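What follows is a short report on a single structure.
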Amino acid sequence: MEITDIRIKKVSTDSKMKAVVSVTFDNSFVVHDIKIIEGQDKLFTAMPSRKTPEGEYKDIAHPINSEMRTEIERQILTQYEQELALADDE
């Protein structure tokens, strides 16, 4: 499976949530509402989730192995950093 498109909508540079992302796989399947969040040490991604009646958050869509999760996060954060650099140049 290949990531064929990443679309980033910047939210804010002043909050912990930096952007919301849509990722397209094989030009055939898209996952919306992946979040880029600023952690204590680095940026990370959070998969789309919903709040359960018990108040917990459960992922709606997510990779089922760590290799895929790592690759999705790597590509999203690379694209995000590139867009930030372009915005700084303007």
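The values are calculated or read from the model by the stated rules, or taken from the named source; none is laboratory data. What you are looking at is a predicted structure, and each value in this text was computed from that prediction instead of being measured. Backbone-built Cβ (ideal geometry, glycine too); neighbour counts: all protein chains shown.
This table checks each residue for (1) assigned to a strand (DSSP E or B); (2) modelled with pLDDT of 95 or more.
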position: 15; (1), (2): no, no
position: 22; (1), (2): yes, yes
position: 27; (1), (2): no, yes
position: 41; (1), (2): no, no
position: 61; (1), (2): no, no
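Within the stretch 76-90, at least one residue is at pLDDT below 95, among the small types (Gly, Ala, Ser), part of a helix (DSSP H, G or I) and loosely packed, with under 13 Cβ neighbours inside 10 Å.
Total residues in the stretch 43-59 satisfying the condition of being of a type in the set (D, E, K, R) and either in a loop (DSSP other than H, G, I, E, B) or within 14 Å of the chain's Cα centre (by Cα) (or both): the figure is 3. Across the stretch 32-54, the number of residues qualifying as in contact with a Ser or Thr (Cβ under 7 Å, 6 or more places away or on another chain) and farther than 15 Å from residue 77 by Cα comes to 1.
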